Amino acid sequence: MGIAGAVAGAVALAVPMFWSSLCPEPFATIDSPTAEAWVPRCFTVRGRVDPGTIRKPLWLMKGERGAGWREVGRVYPPPGTWGSRVCASRDVSEVHLALVLADDALDAKLSRPPVEEPEQQIPDWLNPRCPWREQQGPCGRWHGFPPLPTGATPVASVVTVNVVGNARLAFTP
C-alpha cells in the first residue's frame, strides 16, 4: 500500500500541473477605453488576446440599462490585438463591455441575424416577464444591468464606460 499510495499521490500532484500546461487560462483583455472613462456615443474598443488560449468562440458584448446584453461582434484575433467599433443607444449614459467565451448554443444564437420582437400590448398581470404581476401597479421597465446571457463565460472583466455627447441627458461628473 505504501508504494501504490506514493505513486497515486505523485500522479494526483502531477496531472493538474500537466493539464494546466496543455489548457492554459484564456487570455483576452479590454485595454481601451479604460473603466469609468468618458467616451463619445460611438467609440472604438481595443484589446489584446492570445489566440493559443482561446478554445471557444470569443465575443464582445455590450450591456445597457434596461436593454440587456447585445453582441457587438465576434472577435477573430490576429496574433496579439483586436479592435471593434461600439455605438451606444441614444438615451444611455453608461455602457458595460465584456469579452465572453460562448458555448455552442450561445454562439449559434449570436451568429444568427437578430430578430426584433414585436412590441406587444399585453397587461402586466399577464406578462410572464413581469415579476410583480400578482401585485397592483405597472410592471415598468427594468432599469439595472442584467447578468450575462446563459452560456457566456467572461474572459475579460466587465468595463463600464460613461457616454457623453447626448443632449437629452444631464451629466454630473
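Over all alpha-carbon pairs of segment 42-117, lay out the pair-distance distribution in 5 Å bins, whole %, shortest bin first.
Histogramming segment 42-117 at 5 Å steps yields 3, 14, 25, 24, 19, 10, 4, 1 percent.
As a footprinting exposure proxy, order E71, E25 by other Cβ within 10 Å, with the fewest listed first.
Working: E71 18, E25 8.
Fewest to most other Cβ atoms nearby, the residues stand as E25, E71.
Which of the three applies to segment 32-72, rounded, prolate or oblate, going by the alpha-carbon gyration tensor with a ≥ b ≥ c and a/c under 1.5 meaning rounded?
Numbers: a/c = 2.83, a/b = 1.43, b/c = 1.98.
Oblate is the answer for segment 32-72, as a/c is 1.5 or above yet b/c matches or exceeds a/b.
A short reminder: the numbers here are calculations on the coordinates, not readings from a lab. Since this is a predicted model, take the numbers as computed values, not measurements. Reconstructed Cβ throughout: ideal geometry from the backbone, glycine too, with neighbour counts over all protein chains shown.
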